[in-house]
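In what follows, a single structure is set out as structure tokens and then discussed.
The values are calculated or read from the model by the stated rules, or taken from the named source; none is laboratory data. Since this is a predicted model, take the numbers as computed values, not measurements. Methodologically, a virtual Cβ is constructed for each residue, glycine included, from the backbone with ideal geometry; neighbour enumeration extends over all protein chains shown.
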Amino acid sequence: MRKRANLLATTFFVTTLSGLTAVPAQATFGYFEHGIGVQAEGLAGAGIAYPKDSLAIATNPASLFRLGDRLDVGVDLFVPDRGATITGNGAGPDQSFDGSGVKDFLIPQFGYTNTLNDHWAVGIAIDGNGGMNTSYATNPFARFGATGKAGVNLEQLYVSPTVAYRIAEGHSIGVSFNLAYQLFKGDGVGVFTPYSTAPGALSNNHTDHAYGYGVRIGYLGQLTPDLSVGAFWQSKGYSGRFKKYAGLFAEQGSFDVPSSYGIGASYRLTDKLDAALDVERIDYSGVPAVANTLGELFLGHPFGADSGPGFGWRDVTVVKLGLNYAIAPQWQIRGGWAWGSQPVRSSQTFLNILAPGIVQNHLSAGATWTSSDGTEISASVTYAPEKTINGSGSIPASFGGGEANLHLSEVVAGLAVGWHL
């Protein structure tokens, strides 16, 4: 049985790793995922103190001892609807643009955990940390002189080997070593070439790749029979530069992954009903390519410079609330709501035509069926209602003024199978 489980783990590991590096991802809090693991997704991502499957170690590495020995493999179908309008612009008439040239994305996920002894446990999670994709057949920047299609594709894959230590009964700490792989492609923004430190490394340079690293540290504790608390901190993901886009991103193509941290609690309300609550923070301000505003251009800092323009994103605070109800020995149902503060300023919508990560509310539901041999089959669905951000002084006067307005809605459907080993 153990040999067979190890073979299964190896097969799913390779398959999932290959799949994740082959598909684009787009997430729901800025460009971070709303939850990791199909069961957590059904709780709107709440899982810092409420691990449900082995992907939970990507949220809180200290979850290892709650999970025991198990293997999980799953996939999300992600369907975003994104686009923009330009109004009141002197370079052309009011116009709407559909950014959903690519409509559907499959995002696989993999998790494996193993308890070694009373004090040590290990595991690994593979997941798409986040990403962003837009694809405009009609280029919103064509009126300013850009040619061809426009859009971006950013993908972030995390491979996270994890170790946890039980410091006392019911209390553990854990650390994940995040090995990051990123790729990026940007098209149709050659209009900004005169404003770049490296005009040949700004647009339409095919896909570039970068590798990085970071850590995530977590704690999980059982304070009472009914109450658990948890916390995590994830360092910035230090990444190599996108050299093909050194004239687009600040600091010569630098694109680190923002740091994040959070606290959570879970409480058993009845014998069948559990509640989980998380509060998280994503520090987009720590990455100049994301945080710097377009206004840097008019302060003498061109694209690609150390203080060059970026998307002008703010830090994001996220609140997640989930309920899990055991309706029968073999069935659990769950639901949740999550909200995140708005990363995109109304004054920064012009460049964010390429990256409209603006949805805020998320409604989730899910269920798990457990077979007589302990195999779990889980499903979830999340809906992020359409959010619109109307620009305010967003298009510079040198580009004819007016406003760029953004919209985005999302549906995520997940399916996973888990085995207790």
ask   = Could you list, in sequence order, the residues of the stretch 266-315 that are among the polar types (S, T, N, Q) and in a strand (DSSP E or B)?
value = Ser266
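Say whether the condition of being touching a helix residue (DSSP H, G or I) at 6+ places or on another chain (Cβ under 6 Å) and within 30 Å of Gln252 (Cα to Cα) is met by at least one residue in the stretch 274-287. Steps first, answer last, please.
First, pick out the residues of the stretch 274-287 that are touching a helix residue (DSSP H, G or I) at 6+ places or on another chain (Cβ under 6 Å): 284-285.
Going one step further and asking which of them are within 30 Å of Gln252 (Cα to Cα), we end up with 284-285.
Yes, that holds for at least one residue.
Where in the stretch 1-73 are the helices (runs of 4 or more DSSP H), entirely inside, with at least 1 residues that are modelled with pLDDT of 50 or more and over 17 Å from the mean Cα position of the chain (by Cα)?
Filter on the stretch 1-73 gives 2-20, 64-67.
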message = Any residue that is over 17 Å from the mean Cα position of the chain (by Cα), outside any strand (DSSP E or B) and not small (Gly, Ala, Ser) - is there at least one of those in the stretch 376-390?
response = yes
query = Any idea which of (1) over 26 Å from Gly262 (Cβ atoms); (2) aromatic (Phe, Trp, Tyr); (3) under 22 Å from the mean Cα position of the chain (by Cα) is the one Phe105 doesn't satisfy?
reply = (1)
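Okay, residues lined up against (1) of a type in the set (A, V, I, L, M); (2) more than 19 Å from Phe97 (Cα to Cα); (3) modelled with pLDDT of 95 or more:
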| residue | (1), (2), (3) |
| --- | --- |
| Asn361 | no, yes, yes |
| Ala365 | yes, yes, yes |
| Ser380 | no, yes, yes |
| Ile389 | yes, no, yes |
| Ile395 | yes, no, yes |
| Leu406 | yes, no, yes |
| Gly418 | no, yes, yes |
task = Return only the number of the condition from (1) assigned to a strand (DSSP E or B); (2) surrounded by fewer than 16 Cβ atoms within 10 Å (Cβ to Cβ); (3) touching a helix residue (DSSP H, G or I) at 6+ places or on another chain (Cβ under 6 Å) that Gly393 does not satisfy.
result = (1)
query = Which of the residues belonging to the stretch 354-369 are farther than 12 Å from Phe29 by Cα, touching a Gly at 6+ places or on another chain (Cβ under 9 Å) and either among the polar types (S, T, N, Q) or in a strand (DSSP E or B) (or both)?
reply = Leu363, Ser364, Ala365, Gly366, Ala367, Thr368
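Can you report the number of residues in the stretch 109-140 which are over 23 Å from the mean Cα position of the chain (by Cα) and either without any contact (Cβ under 8 Å) to a residue 40 or more places away in the chain or buried (at least 24 other Cβ atoms within 10 Å of the Cβ) (or both)?
5
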query = Can you tell me which residue in the stretch 83-108 is nearest to Gly357 (Cα to Cα), limited to those that are assigned to a strand (DSSP E or B), without any contact (Cβ under 8 Å) to a residue 60 or more places away in the chain and not charged (D, E, K, R)?
reply = Ser100
query = Within the bounds of the stretch 63-77, is there any residue that is in contact with a Gly (Cβ under 7 Å, 6 or more places away or on another chain), within 21 Å of Val359 (Cα to Cα), among the hydrophobic types (A, V, I, L, M, F, W, C) and touching a residue at least 60 places away in the same chain (Cβ under 8 Å)?
reply = no
inquiry  = Looking at the stretch 130-172 only, could you name the residues that are of a type in the set (S, T, N, Q) and either at pLDDT 95 or above or in a strand (DSSP E or B) (or both)?
reply    = Asn133, Thr134, Ser135, Thr138, Asn139, Asn153, Gln156, Ser160, Thr162, Ser172
key: Set Gly221, Gly200, Gly186: member being farther than 22 Å from Gly312 by Cα, in a strand (DSSP E or B) and modelled with pLDDT of 95 or more   = Gly221
Conditions (1) over 19 Å from Ala44 (Cβ atoms); (2) surrounded by 17 or more Cβ atoms within 10 Å (Cβ to Cβ); (3) within 17 Å of the chain's Cα centre (by Cα); number of the one not met by Val318 = (1)
inquiry  = Can you tell me which of (1) surrounded by fewer than 22 Cβ atoms within 10 Å (Cβ to Cβ); (2) over 30 Å from Ser203 (Cα atoms) is the one Leu299 doesn't meet?
reply    = (2)
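Only one of Leu183, Leu179 is touching an Asp or Glu at 6+ places or on another chain (Cβ under 7 Å), closer than 24 Å to Pro258 by Cα and surrounded by fewer than 19 Cβ atoms within 10 Å (Cβ to Cβ); which?
Result of the check over Leu183, Leu179: Leu183.
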note = The correct count of residues that are under 13 Å from Thr317 (Cα atoms) and of a type in the set (Lys, Arg) in the stretch 249-295 is 1
